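Take a look at the structure set out below.
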Amino acid sequence: MQVLSVSKSPPLAGEAYIHGAKNGALPILAACVLCRTPCTIRNCPDIRDVAHTLSILRALGCTCVREGGTVTVTPCTCPACHIPQALAGSMRASILFLGALLARGQEASIALPGGCPIGKRPVDLHIGVLRALGAEVRAEDHQIVCRAGTLRGCRIELPIVSVGATEHAILAAVCARGCTEIRNAAREPEVADLARFLSACGADIKGAGTSVVRITGVPSLRGAEHTVLPDRIEAATYLCACAACGGQIVLRGTEGCSLEPVLHVLAACGCRVEQGRSSITCARTGPLIAPADVTTAPYPGFPTDAQAVVMAALLRARGACRFTETVFEHRFLHVPELCRLGAQISVHGRTACITGVPALHGAELHARDLRGGAALVLAALSAEGNSTVSGMNHIERGYDSFVPTLQALGAELKMVEKPDLL
Ligand code: UD1
């Protein structure tokens with residue numbers, strides 16, 4: 001079994017390049033199935049979730065070629081319409097293919113999607129938007145089966161803000177007959193990036209990135225070239241590594257990275273953070289100070305995906321602070337593991353209270369989800385002695401070159417073989 005061996009890191013120094021956003025690339029790749037001619041997607045991160053998405057596209061009949069950070073997807077005239085369990089089960093974003101396939105054909109089915117175990121994560125909103133657009137949706141044998149003669153534009157009011165359901169509604173509505181209005185839409189930059197790609201393909205979308213999105217259906221879409229926006233959560237992770245270990249780093253390729261709430265918290269903790277047009281510099285030389293309470297919220301609030309890594313950076317901060325998670329109900333899977341390093345954290349419902357400790361010590365840790373896994377690595381880098389982190393497959397789902405990037409910044413960590421005990 002491969003585990004990550006992590007030692008206490010010296011202060012970090014140097015530069016890191018921020019890759020394209022996982023959450024930007026996945027819906028854009030799903031959108032390729034809607035196009036009649038080839039799509040060229042640049043700045044596409046080389047991560048497991050993207051590899052999975054390309055496997056789904058291939059299973060549907062598309063040809064996908066990766067050359068460095070560029071992926072070319074050549075759609076087929078008549079895509080297959082079923083996504084089997086082996087491909088759908090491991091990644092939640094695979095559900096977006098339903099809407100994209102329905103917009104191309106009259107039928108689509110998918111095994112129930114997977115993803116990180118961070119709460120109930122139902123798919124009722126996804127099913128709701130497809131039904132609102134005129135699809136018949138049934139659950140059969142652990143599959144979601146959809147049929148639609150013609151999708152018809154309509155008004156959709158999302159009961160809660162959902163990134164996936166907003167993207168799903170956009171994908172299904174771009175070729176529907178008539179106009180669709182999505183209210184209470186998610187405003188995440190990744191939603192706006194999807195709309196930019198679809199618009200380049202010939203779609204008519206207005207308001208993406210605001211809470212009201214208006215789409216006028218077009219008969220068909222052509223392929224286009226697109227550069228995926230930078231991954232703001234990857235950027236947040238390396239900034240938190242610098243906060244945890246000290247030192248000074250520069251992140252490149254961050255143009256358009258909307259990270260204000262995270263930068264604000266890091267500045268409040270004693271980091272010096274400067275955001276340029278396409279770079280972010282972070283330095284910490286003095287002690288960490290506990291910030292005011294942090295509450296996650298949909299964009300433009302503090303991102304739930306950054307909650308774990310920011311928490312990991314603050315375990316040794318002077319004072320106490322609270323993290324309240326309002327987006328997912330079980331997003332503290334990293335807390336018991338952080339406590340194994342000597343962190344002092346108590347969880348009460350959706351709030352985690354952290355009291356800073358003078359030092360952390362090495363421990364054997366297990367990653368149970370993507371962002372929580374990254375958080376364990378950051379905390380281990382700031383702990384005395386050695387730690388190991390297993391479950392690295394979670395981290396590989398969403399970080400391109402995670403270990404080499406941290407190594408290049410001076411962090412002490414490497415993958416090692418650990419004999420299986422059983
Ligand atoms: C996306 C991101 C994920 C991020 C999350 C919130 C991708 C691939 N993933 O996930 O990294 O953490 O946004 O910023 O972009 N919900 C329902 N019913 C549904 C759908 C969602 O109740 O049908 C609930 C969820 O359980 C959650 C809330 O809505 O409590 C928000 O989830 P949502 O924004 O949909 O997250 P994802 O799109 O899955």
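Listing for the model above:
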| quantity | calculated |
| --- | --- |
| Yes/no for Ile205 being in contact with a Leu (Cβ under 7 Å, 6 or more places away or on another chain) and open to solvent by less than 10 Å² (accessible area, probe 1.4 Å) | no |
| Condition met for Asp141 (without any contact (Cβ under 8 Å) to a residue 60 or more places away in the chain, on the phi > 0 side of the Ramachandran plot and surrounded by fewer than 23 Cβ atoms within 10 Å (Cβ to Cβ)) | yes |
| Test: residue in the range 90-103 that is open to solvent by 10 Å² or more (accessible area, probe 1.4 Å), without any contact (Cβ under 8 Å) to a residue 60 or more places away in the chain and assigned by TED's automatic domain parsing to the domain that holds Ala203 | yes |
| Every residue from the range 303-361 that is touching a residue at least 12 places away in the same chain (Cβ under 8 Å), on the phi > 0 side of the Ramachandran plot and open to solvent by 30 Å² or more (accessible area, probe 1.4 Å) | Gly319 |
| Unique residue being more than 20 Å from Ile127 (Cα to Cα) and open to solvent by 10 Å² or more (accessible area, probe 1.4 Å) when the list is Val161, Val218, Val212, Val228 | Val218 |
| Given (1) under 24 Å from the mean Cα position of the chain (by Cα); (2) in contact (Cβ under 8 Å) with a residue 40 or more places away in the chain; (3) crowded, with 21+ Cβ neighbours inside 10 Å, index of the condition Ala176 fails | (1) |
| Those residues of the range 137-165 which are of a type in the set (Gly, Ala, Ser) and more than 16 Å from the ligand (Cβ to nearest atom), in sequence order | Ala148, Gly149, Gly153 |
| Leading residue by the ranking (farthest from the ligand (Cβ to nearest atom)) among those in the range 190-210 that are over 19 Å from the mean Cα position of the chain (by Cα), not charged (D, E, K, R) and not in a helix (DSSP H, G or I) | Gly202 |
| Test result for Thr405, among the hydroxyl-bearing types (Ser, Thr, Tyr) and assigned to a helix (DSSP H, G or I) | yes |
| Evaluation of Ser346 against (1) touching a His at 6+ places or on another chain (Cβ under 7 Å); (2) assigned to a strand (DSSP E or B); (3) not hydrophobic (A, V, I, L, M, F, W, C) (one fails), failing number | (1) |
| Which numbered condition Gly391 fails, given (1) surrounded by fewer than 24 Cβ atoms within 10 Å (Cβ to Cβ); (2) within 23 Å of Ala290 (Cβ to Cβ); (3) touching a helix residue (DSSP H, G or I) at 6+ places or on another chain (Cβ under 9 Å) | (2) |
| Arg187 vs. criteria open to solvent by 50 Å² or more (accessible area, probe 1.4 Å) and within 16 Å of the ligand (Cβ to nearest atom) | yes |
| Matching residues, the range 254-298, being loosely packed, with under 15 Cβ neighbours inside 10 Å and among the polar types (S, T, N, Q) | Ser278, Thr285 |
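The values are calculated or read from the model by the stated rules, or taken from the named source; none is laboratory data. Just so you know, these numbers come straight off a predicted model, no measurement behind them. Counting neighbours? That spans all protein chains shown, and the Cβs are built from the backbone with ideal geometry, glycine included. Note: accessible area is taken over every heavy atom of the protein model, side chains too, but ligands, DNA and RNA are not part of it. Shrake-Rupley method; radii C 1.70, N 1.55, O 1.52, S 1.80 Å.
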